[in-house]
Amino acid sequence: MKLASLKGGRDGRLVIVSKDLTRATDARLIAQTLQAALDDWDRLSPDLAALAESLEHDAVPSFRFHEHEAASPLPRAYQWADGSAYVNHVDLVRKARGAEVPQSFWTDPLMYQGGSDGFLGPHDPIPCASEDYGIDLEGEIAVITGDVPMGIEPGEAAHAVKLLMLVNDVSLRNLIPGEIAKGFGFFHAKPASAFSPVAVTPDELGDAWSGAKVHRPLLVSVNGALLGRPMASEDMTFDFATLIAHAARTRALCAGSIIGSGTVSNRDADGGPGRPVGEGGVGYACLAELRTVETLLKGGPKTPFLKFGDTIRIEMLDPQGHSIFGAIQQTVEAYTS
């Protein structure tokens, strides 16, 4: 089934969305919000699934679903922990800073705890105070978990995945080096993220959900031009079960915790950095990777970071070309207080 939160109040209003993303029906008689549904998922999810089935058969009242009216599925969350499952991405962005990837990065996932007290809606503007911050998008996949006990093993952690969604993990690249140099992680460099209009249960992906990975390309565009279409399952060093287990190593995760994959990133067929789409490659899910490849091959970055007025789009299609999660589509805007 597909679930969304319509804007209204801090936590939105839970609705069930049709498979084709055209219609929705109110779920308030089952749960007022998605967080309320996740808090009692084992009891409430069968009722939500039955409502979703009734929606597909036009057996319940419905209304037109407009993606721009949706907040992120969880407009705020108790936990937002973003991993870096694609070590190729880590390798490239570190090369841009003149740093090497330690060998441990291939066996022990990177993860940072992001701000979760408020997310952008999938069609909300990206506010930023200055273009000099180096505004970048990051196309990712995320899972929403149920309750996860501390110390869970990866073999058990895949069962904790209740929902999946897409992410734009906005990054302010020019602020990252200074924060990293302090040795205490990201803060200013990671403003509010945005998630796809709907979150879907794993069964909605069919064979595309296997091995705790999503086996579909992620489509990322800037100003209408395709930046990349990397395959989400390829070069994913750590699957979602491993990421969840890593996050729960020393603490339990409460229902509604969001675990991100990090920027989806593929190496080229020859093992080198991925090539741009225009050169026959699968491209990139962020501008930092493109700029690093330009630096490696051409001596310096040619593509600028995002400017005010630029628009990004992140989407994933099923084999028939239908949108699975809806699209994240945002325009960068100057922030004014």
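The values are calculated or read from the model by the stated rules, or taken from the named source; none is laboratory data. None of the values given here were measured: they were computed from a predicted structure. A quick note on method: Cβ atoms are made from the backbone with ideal geometry, for glycine too, and the neighbour counts reach across all protein chains shown. When the accessible area is computed, the model is the full protein with side chains, heavy atoms only, and any ligands, DNA or RNA have been set aside. Shrake-Rupley method; radii C 1.70, N 1.55, O 1.52, S 1.80 Å.
Brief remarks on what is shown
- Inter-label distance for Thr336 and Glu153, nm, one decimal - labels placed 7 Å from Cα along Cα-to-Cβ: 5.9
- Taking a sphere under 11 Å around the Cβ of His66 and counting the other residues whose Cβ falls inside, with K and R at +1 and D and E at -1, yields a net charge of +1.
- Over the chain: helical MRE at 222 nm, DSSP H runs n ≥ 4 each giving -39500 (n - 2.57), nearest 500: -5000 deg cm²/dmol
- Equivalent ellipsoid dimensions for the stretch 85-137 as semi-axes, Å, which come from the Cα gyration tensor, largest first: 28, 17, 9
- Taking the Cα centre of the stretch 240-304 as origin and assigning +1 to Lys and Arg Cβ atoms and -1 to Asp and Glu Cβ atoms, the resulting dipole is close to 260 debye.
- Placing dummy labels 7 Å off each Cα toward the beta-carbon, the span from Glu131 to Lys19 is 4.5 nm.
- Extension gain for Ser54 to Asp40 (0.36 nm times residue separation, less C-alpha to C-alpha distance): 2.9 nm.
- Efficiency of FRET from Cβ geometry, Lys298 and Ala252, R₀ 35 Å, rounded to 0.05: 0.15
- Each principal axis of the stretch 185-337 carries a Cα extent, and these read 47, 44, 34 Å when sorted largest first.
- Contact order normalised by residue count of the chain, Cα under 8 Å, 6+ apart, percent: 22
- Carbon and sulfur %, accessible surface of the chain computed with the full protein complex present, 1.4 Å: 51
- DSSP-defined beta bridges in the stretch 60-197 - what % are antiparallel, rounded to 5: 95
- For the stretch 26-57 versus the stretch 297-333, the gap between their alpha-carbon centres in whole angstrom: 32
- Beta-bridge orientation, the chain: approximately 90 percent antiparallel, per DSSP, counting only bridges with both partners inside.
- On a per residue basis, the stretch 219-337 carries 41 Å² of accessible surface, using protein heavy atoms and a 1.4 Å probe.
- Taking each residue as 0.36 nm, the span from Phe184 to Tyr78 lengthens on full extension beyond its C-alpha to C-alpha distance by 36.0 nm.
- Pairs of Cα atoms farther than 35 Å apart, the chain, %: 17
- Rounded FRET efficiency, nearest 0.05, which uses the C-beta distance separating Asp268 from Gln32 and R0 of 45 Å: 0.40
- Taken along the Cα-to-beta-carbon direction at a fixed 7 Å, the label points for Asp318 and Glu279 span 3.6 nm.
- Between 0 and 90 degrees, the angle of helix 41-56 with respect to the longest Cα principal axis of the chain falls at about 80 degrees.
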